[in-house]
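Notes for the one structure printed next.
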Amino acid sequence: MPQLSKRTETFTDSVIRRMTRISLKYNAVNLSQGFPDFDPPKELLNRLAEVTHEDFHQYSITWGAQNFREALAEKQSRFMGRRIDPNGEIVVTCGSTEAMMAAMMTVTNPGDKVVVFSPFYENYGADTILSGAEPIYVPLYPPAFNFNPDELEAAFKQYPKALILCNPSNPCGKVFTYDELKIIADLAEKYDTFVITDEVYEHILYEPNKHVYFATLPGMWERTISCSSLSKTYSITGWRLGYIIAPPHIIEVAKKVHDFLTVGAAAPLQEAAVVGLRFPDDYYRQLQAKYTEKRDLFLKGLDDIGITHTNPQGAYYVLLDISEFGFSSDLEFCEVLARDVGVGAVPGSSFFREPVNHLIRLHFAKRSDTLNDALNHLADIRNKIPARKSVI
Ligand code: GLN
């Protein structure tokens, strides 16, 4: 038999998605793959029901339905404080997963280097490999997950083609400050580098943290490819609606990549989501309040159990320290956790370049009763998972 492609040999399937399958197998409360178990806003569901009987069943324009792009441009112009042109500066994609892949293929050539902060959302590793690029990892140091500007500059000295910036950050919950973004911007300018952002948690922030769109920093619009999606903002992860916003000469190329990757995002779903894009600002304030409640409930529950954890400034993930259990494999710990405690988590090692094995990631985008259920299971964790002797 001929051999399968070499490029696929260097990465595994997604551990996040694998942990969802393991959670299902053990009937565990699944706090691994980050998606809500509550309904999207009813306006979207009502509109979706209407749309089934309307004329939206064939391809939309490949780079996104006009109505969707106009509503998105209006909303993002409001939040980004810059007029986004719905015709020249947007490509609608199948989730931000496709947006990121299309962005990578738009700016990099095989062999190009790409700066990635570690910990990082696992797709970026596979994205770089699939596009033939080579990641340069720069560590973010706990507890605040700050980077060392000298280490970042050392990465830029290798003349990377792009830097990937996940802000607010999955999995560490960091929200980059203006000053930190300015350091990145100055280096991007000095070394003539693109910045590809993943801003899917742009509306999930905890006071007093504020989201600054990287593209709005002085001089950065020209070199930023902003990727985001509707998945988290409107609780519709299964609709796979994402987008790229960038200057017209970049969008021209991204349109071609997207066209041949997927042709287009689902037309009826784009139409049904327009009502969400037209929501007033109050919707986003309520979303933030709702997630703040979830975060407070979940973190207080973890504190009561006495598990050390991160304090997210944004997004909906928390990293738990499992050192006390003495496992040498966090993957094995997560399997035991799902089987014996009944809670699904993602091993931290799937997010870190460094050999980190003492962290697991849980998410709290769930109804309060689901979170309480998970906390009740976790309360028994020390009985259900006896500590092993540490492997030195
Ligand atoms: N972004 C979510 C997570 O990190 C979901 C990822 C996915 O499966 N697309 O868990």
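For (1) of a type outside the set (A, V, I, L, M, F, W, C); (2) touching a His at 6+ places or on another chain (Cβ under 6 Å), each residue gets a yes or a no:
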| site | (1), (2) |
| --- | --- |
| His309 | yes, no |
| Leu319 | no, no |
| Glu335 | yes, no |
| Val341 | no, yes |
| Phe351 | no, no |
| Pro355 | yes, no |
| Thr370 | yes, no |
| Arg382 | yes, no |
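Restricting segment 215-244 to residues that are among the polar types (S, T, N, Q) and in a strand (DSSP E or B), which is nearest to the ligand (Cβ to nearest atom)? Across segment 215-244, the extreme among qualifying residues is Ser229. Look at segment 217-238: where a residue is within 17 Å of Tyr191 (Cα to Cα), no partner that is within 12 Å of the ligand (Cβ to nearest atom) and of a type in the set (Asp, Glu) sits 6+ places away or on another chain with Cβ atoms under 6 Å.
Listed by first and then second residue, the pairs linking a residue in segment 10-29 that is closer than 9 Å to Gly344 by Cβ and within 15 Å of the ligand (Cβ to nearest atom) to a residue that is among the hydroxyl-bearing types (Ser, Thr, Tyr) and in a loop (DSSP other than H, G, I, E, B), with Cβ atoms under 9 Å apart and 6 or more places separating them unless they lie on different chains, are Met19/Ser32; Thr20/Ser32; Ile22/Ser32; Ser23/Ser32. State whether one or more residues within segment 72-93 are under 28 Å from Cys172 (Cα atoms) and within 16 Å of the ligand (Cβ to nearest atom). Looking through segment 72-93, at least one residue is under 28 Å from Cys172 (Cα atoms) and within 16 Å of the ligand (Cβ to nearest atom). Of everything in segment 245-256 that is part of a helix (DSSP H, G or I) and either of a type in the set (D, E, K, R) or surrounded by 21 or more Cβ atoms within 10 Å (Cβ to Cβ) (or both), the residue that is nearest to the ligand (Cβ to nearest atom) is Ala254.
For segment 301-315, indicate whether the set of residues that are at pLDDT 95 or above and within 23 Å of Gly238 (Cα to Cα) is non-empty.
So far as segment 301-315 goes, yes, one or more of its residues are at pLDDT 95 or above and within 23 Å of Gly238 (Cα to Cα).
Of the residues Thr108, Thr128, the single one that is within 18 Å of Thr197 (Cβ to Cβ), away from the ligand (no atom under 16 Å from the Cβ), modelled with pLDDT under 95 and buried (at least 20 other Cβ atoms within 10 Å of the Cβ) is Thr128.
With the condition kept exactly as written, say whether any residue in segment 141-150 is within 16 Å of the ligand (Cβ to nearest atom), surrounded by fewer than 22 Cβ atoms within 10 Å (Cβ to Cβ) and under 24 Å from Asp192 (Cβ atoms). The answer is no; no qualifying residue exists. Restricting segment 257-272 to residues that are out of contact with any Lys or Arg (no Cβ under 8 Å at 6 or more places or on another chain) and buried (at least 18 other Cβ atoms within 10 Å of the Cβ) leaves a set whose member that is nearest to Ala99 (Cα to Cα) is His258.
In segment 338-352, the residue that is nearest to Asn170 (Cα to Cα) out of those that are over 17 Å from the mean Cα position of the chain (by Cα) and in contact (Cβ under 8 Å) with a residue 60 or more places away in the chain is Gly344. Among all positions in segment 70-87, there is no residue which is buried (at least 22 other Cβ atoms within 10 Å of the Cβ), under 15 Å from Ala254 (Cα atoms), at pLDDT 95 or above and of a type outside the set (Val, Ile, Thr).
The values are calculated or read from the model by the stated rules, or taken from the named source; none is laboratory data. All values derive from a computational prediction rather than experimental measurement. Neighbour counts are summed over all protein chains in view; Cβ atoms, including those assigned to glycine, are modelled from backbone coordinates with ideal geometry.
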